[in-house]
Structure formats: structure tokens, C-alpha cells
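Accompanying notes for the structure given below.
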Amino acid sequence: MIPPFRRNLRLSFFALFLSGRIFYGFIVVKKGRKEHVKIEKKYGVFSMIYLTNPRFLTLWKSLRLEVADSGLAQVDTTWNMVNVCSPYSRLYFISHGGGILTLRGREIPLKEGCVYLIPAGLLYNYRCDASMEQLYFHVNITQVNGMDLFYGCDTVYEHDAPAEDLEKVLALYRSQRMEDAFLLQGLLWEELGRFIQMADLQEAQTKIYSGMVEQVFRLAQNPVSAGNHVRSLADRLHVSESTLSKRFRAETGMSPGVYLEQLVIQKACRLLIEEDKSMAQIAEELDFSDQFYFTKYFKRKMHMPPSAYRRQMRGN
């Protein structure tokens, strides 16, 4: 006999593999609370006490970590670049020496023994006046809206790191073992978690969106296209343009038009950095009418032609 369950509990059928046998029964799931579960099965009764954390499951499903590039670099005075604006967030572990970041006229020293997070989309300069060794990772924590979690943060974050922690990260990075790759990824998540706390992103970036806004996210990213417009999205969702704009702005803090433009520029920047496609091919992939219009659009948003951006970022 299956024991009776309270009406407010959700039941899910499951198969439990134990000691080579399959047992069938029911498990009680109650969000966010510890629950005692008693299960009847063919060979007797067993029970367990467990705690669910739906918030973590939601975060793990909605955030994706991608490492686009990494390296252990020893740089000198030639490490010098102005007007850097990357589609990736940059994680720097400074093991020796130091450098300088300039953000809105303010100099930020890159100090030995420190870890730094430079958010995606931030405009800054950098230089080295002597020498520096840094382990860097270009990363994206992609949200359900397709944007980097740190995009829009307007400062550089830093914290001191004990020498043994830096040595551990360097040792893992130099390793060729599979287990060390997973350990290193775990350390990257740990560092990023610390910076998420510093940037106070816990609540702002984990909200639940309405079905309409989530559909906008899906349609706008599949595929990212300069041909996506608010009116066309509204038509596909069978709502008015005004209704869509009001709902989207209320839930995200930006207009859907601005959001669509951000996706296009982000995709264009990544294609210019990661791919060897011509300007005409990139313009076609992003559904611009021609290369000329793509160049004009990119220059208006990034304050330089796409060819110059590619040279700068690849040299960088």
C-alpha cells in the first residue's frame, strides 16, 4: 500500500537502483524544506530525510560558463592598448610584477598577488611600465537573456590572493591531467562567485521572467540577427508592440530595441575576434543588407570600424 500524501505535496514516480535491484515507489518533494519520506517497496520499507534547494537548480540551469581564451603571459612595456572593449569578462591572476588599467581617467594598479575581474563591455586602457606575469581567462557567464552576467557593471573588481592559492592555480593550469582541468574550473567558479558577491549581482540577475519575456529571449537569440525588430517579435508573439515594450522594460530595465542591439554587437565582436570570416560574410551572417551598412552600424556602436576592432583585439 502507498501511504496517503497531503494535498499540497507533489508526487513523482521514480525507480531507485539499490544493490543491483530496482525498487518502485513514490517520493515526496516539498520545495525549500526538509522532509521525511517513507517509501514502500517490494522488499520492505525504507525512509530518508532530505533537503531540496530549487534556487541552486534554477541557477545551474540558467547560467553557463564559457572560457573563450586563456594563457600565462609574461609582458613588458609593449603591453599597451587604449579603448579596449571586450565581449568577454576578463579574469587576471597577477603572479609577478604589475601593470596599470585606466578607467574613465582613473588609474587602477594591477598588483602582484591580486586577482581582478574586468566586466564584459567595459571601456578601458591598459599598460605595463616594466614587466608582469599574469594568468588570464576570457570568460562569459551567459544568462538566459544571452548576455554576460557582468555586462553593465561599471568598475573593475579585485581582491588579494594568498601566494599558495596563486601557486595552486598556476600548477593546475600547467597540468595535462583531466582531473586538474575540472579542479581548475571549480576554482574559476569560486573566484567568479566571489566577484558576483562583490558586484552585488545575487538578486538582480536571478529573477524569474514572465513567459512573454522569456520567449523574447529565445526568439532574439535563435538566431541573433540585425533583422530582429520589436515589431516582428511582437507579431510572432501575437501581442502589440506597445504591450511587449512595456512588459520587457518593466522586467529587464531596458527597452527591447536596446536589448536586440546589444545582442547583435556582442555577436559581431565575437565573430571578429574568433572567426576569420570576411566583413561581407559577417554582415551576411548577422542579416545586414550589405557590408557597408554593417561597418556603419558597428562604427556607430563601437566608435571604430570592425576591421580596426579585429586588429586591436587580436593583437590584444
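What the table below lists for this structure:
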| item | result |
| --- | --- |
| Single match in D235, D180, D200 (criterion: exposed (fewer than 15 other Cβ atoms within 10 Å of the Cβ), touching a Leu at 6+ places or on another chain (Cβ under 6 Å), farther than 30 Å from M304 by Cβ and not aromatic (F, W, Y)) | D180 |
| Residue in region 203-218 that is nearest to F150 (Cα to Cα), counting only those that are of a type in the set (A, V, I, L, M) and loosely packed, with under 15 Cβ neighbours inside 10 Å | A204 |
| Residue check, V258 exposed (fewer than 15 other Cβ atoms within 10 Å of the Cβ), closer than 16 Å to G121 by Cβ and not charged (D, E, K, R) | yes |
| Flag for Q262 being part of a helix (DSSP H, G or I), touching a residue at least 60 places away in the same chain (Cβ under 8 Å) and outside the structural domain of Y126 (by TED's automatic domain parsing) | yes |
| Complete set of residues in region 157-177 that are surrounded by 13 or more Cβ atoms within 10 Å (Cβ to Cβ) and out of contact with any strand residue (DSSP E or B) (no Cβ under 7 Å at 6 or more places or on another chain) | D165, K168, L172, S175 |
| Hits in region 97-124 - residues which are farther than 21 Å from F195 by Cα and either assigned to a strand (DSSP E or B) or touching a residue at least 60 places away in the same chain (Cβ under 8 Å) (or both) | G97 |
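For (1) charged (D, E, K, R); (2) modelled with pLDDT of 95 or more; (3) more than 30 Å from F217 (Cβ to Cβ), each residue gets a yes or a no:
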position: K38; (1), (2), (3): yes, no, yes
position: G44; (1), (2), (3): no, no, yes
position: F56; (1), (2), (3): no, no, no
position: G71; (1), (2), (3): no, yes, yes
position: D76; (1), (2), (3): yes, yes, yes
position: Y88; (1), (2), (3): no, yes, no
position: F93; (1), (2), (3): no, yes, yes
position: R104; (1), (2), (3): yes, yes, yes
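The values are calculated or read from the model by the stated rules, or taken from the named source; none is laboratory data. All values derive from a computational prediction rather than experimental measurement. Reconstructed Cβ throughout: ideal geometry from the backbone, glycine too, with neighbour counts over all protein chains shown.
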